[in-house]
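This report concerns only the one structure given below.
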Amino acid sequence: MRIKIKTLLLAMLLGGVGYSQQTITVTVKNTTSKNRAVVKGKAAPHASVILQYAAPRGADLKTMQTDKNGRFEILVDGIREFEQPLVLVQQIVKGTDTVNIKKEITPIVAGDKIPLTQEQIVALLTAHRWKSVAATSRVIIRQTQPKPAFDKLLTFAQKYVRFHPDGSFDFEITHPKQFSYTGGTWKMDGNNHLTIQTDYPHGLLELNNVRINELNGTTLSLLEEVADGLFVTGFVKE
């Protein structure tokens, strides 16, 4: 899908010759076999290009600078069972003024449900303790209320989780503060979605409709709904 945007406002801001014909061209190529997509195109030279989730509280996904010819290319990992609606934002700064040019682009298609049986999922989840990884965690939709700060808890805080075969669940935080709770529970429904309940420093934490984005012997990735936010948390085998 190719999209062109005539940026009259940008031309008015920059006031330069030739900017009245400035366009943004975007191509999205979804590769379902590899569960990823390539977003590439052409915008203004040396401009900031941001991929942002197309929702009222959508977070930024990736940011990069265009080259001297205005070209950019961004690789986006797919998420199983979740179509990623995105907008492309081009930022042009002149002095103290900034113009944001936004345009919805082709969504990143949802990946297939993880190809594992419930028995295989349980065996992998309960095999060992999992350590969170901030680099593979991110906010998709920000929560309405800034506190409790679930975004920091699920994407930044250093966490350890343990799924036990009997449905009990251990939860530990080691940074930025110490916390440990071994009285939590977890269960899986017929769609292989998880419900997790545990305590955390501010009370009860309930994760509903948790979808497994990735699971093998060393890597775990979960798509989680908390309050009215949506988050991805990545883990590795401890």
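The values are calculated or read from the model by the stated rules, or taken from the named source; none is laboratory data. Note that this is a predicted model, so its numbers are computed, not measured. FYI the Cβ positions are ideal-geometry reconstructions off the backbone, even for glycines, and counts take in every protein chain you see.
Some notes on this structure:
- Residues that are part of a strand (DSSP E or B) and either under 15 Å from Ala227 (Cβ atoms) or not charged (D, E, K, R) (or both) within the stretch 187-202 comprise Met188, Leu194, Thr195, Ile196, Gln197, Thr198, Tyr200, listed in sequence order.
- Some residue of the stretch 217-238 being without any contact (Cβ under 8 Å) to a residue 12 or more places away in the chain and part of a strand (DSSP E or B): no
- Breaking point among (1) closer than 22 Å to Thr155 by Cα; (2) within 19 Å of the chain's Cα centre (by Cα); (3) aliphatic (A, V, I, L, M), for Leu125: (2)
- The stretch 131-149 - residue that is buried (at least 18 other Cβ atoms within 10 Å of the Cβ) and either closer than 23 Å to Glu238 by Cβ or among the basic types (Lys, Arg) (or both) and, of those, nearest to the chain's Cα centre (by Cα): Arg138
- Candidates Pro85, Pro107, filtered to the one that is at pLDDT 90 or above and over 29 Å from Val161 (Cα atoms): Pro85
- Answer residue from the stretch 135-160, given it is free of Cβ contacts under 8 Å to residues at least 60 places away in the same chain, outside any loop (DSSP other than H, G, I, E, B) and of a type outside the set (Lys, Arg) and is farthest from Leu223 (Cα to Cα) among those: Gln158
- Taken over the stretch 65-91, the criterion of being loosely packed, with under 14 Cβ neighbours inside 10 Å and closer than 21 Å to Val232 by Cα is satisfied by Leu75, Glu83.
- Every condition in (1) touching a Gly at 6+ places or on another chain (Cβ under 7 Å); (2) within 30 Å of Leu223 (Cβ to Cβ); (3) at pLDDT below 90 is met by Gln52 except one, and the failing one is (3).
- Candidate set from the stretch 213-238 (those that are under 16 Å from Arg162 (Cβ atoms) and among the aliphatic types (A, V, I, L, M)); member that is surrounded by the fewest Cβ atoms within 10 Å (Cβ to Cβ): Val236
- Test: Asn69 is over 17 Å from Val38 (Cα atoms), polar (S, T, N, Q) and not in a strand (DSSP E or B): yes
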